[in-house]
Amino acid sequence: MNVIDIVILVFLLVGAVTGFRKGLLMEIISIAAFFVAIFLGIKLLDWGIMVLADHIHGYDNLLPIISFTIIFVVIMIGLHLIGKTVKKLLDLTLLGSLDDIAGSLLGIVKWALFISIVFWIYHSFGGTLDSDLTKTSFLFEPISSFAPGLFSLFSGLFPYFLEFFEHSEEFINQQDVNV
């Protein structure tokens, strides 16, 4: 075990603790709530602008931003409160403990993905780590290959992701040449 392993383990421990505190249900609800809030914020944008236009005058160019933000925040808070209520009911049953353990596992996976993305971005910009440290690390290889592996899986399912990544990489490489 070396410095890289210790740093990775600290981050994974943070993920485990936060995931355990939230539980699987709240982890899933928070992720889903984010996407639902974005979707409904866009769908209800015109309605929100109409409602706000009657009450806010002189800031017409800001109405879409204000409307989306209010709708987004209200939906996030509403879904969070619903999730907390269901979580409290779940904690009264035997499933509450399983929810906490599963939340811990999801927290570890989320943080492993985050660390992997950081390594991937660092490597994409030409950054390197000490090869002796990476070779002797037992966590570096599986963690650093996690995000690229998931990306390959999803790009096979959704070719748009692969095309987007290739164009982004070309753009980054052009910026390096122009500097």
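Every number in this text was worked out from the coordinates using simple rules, so none of it is lab data. Only a predicted model underlies this, so the values are computations on that prediction, with no experimental measurement involved. Please note: Cβ atoms are built from the backbone with ideal geometry, for glycine as well, and neighbour counts cover all protein chains shown.
Where Lys and Arg each count +1 and Asp and Glu each count -1, what net charge lies around residue 12 among other residues with Cβ under 11 Å from its Cβ? Residues close to residue 12 contribute a combined charge of 0.
Assuming charge only on the beta carbon of Lys and Arg (+1) and of Asp and Glu (-1), the dipole of the chain about its Cα centre is about 780 debye to the nearest 20. What FRET efficiency comes out for residue 135 versus residue 50 if R0 is 41 angstrom and r is the Cβ-Cβ distance? Round to the nearest 0.05. Efficiency computed from Cβ-Cβ geometry: 0.10. Note on residue 7 and residue 150: their simple-model spin labels are 2.0 nm apart, each label 7 Å out from Cα toward Cβ. A straight line joining the Cα centroids of the range 72-93 and the range 94-158 runs 28 Å.
Relative contact order of the chain, taken over Cα pairs closer than 8 Å and 6 or more residues apart, is 34 percent. Of all complete DSSP H helices in the chain, those with a Cα span along the helix axis of 27 Å or greater and a mean Kyte-Doolittle hydropathy of 0.5 or more are 3-43, 63-91, 95-124.
Ranking 153, 26, 93 by Cα position along the charge dipole of the chain, where only Lys, Arg, Asp and Glu carry charges on their C-beta atoms, puts 93 farthest toward the positive end. Rounded to the nearest 500, the 222 nm mean residue ellipticity of the chain from helices alone is -29000 deg cm²/dmol, with -39,500 (n - 2.57) taken per DSSP H run of at least 4 residues.
A simple spin-label model places pseudo-atoms 7 Å from Cα toward Cβ; at residue 66 and residue 91 they are separated by 3.8 nm.
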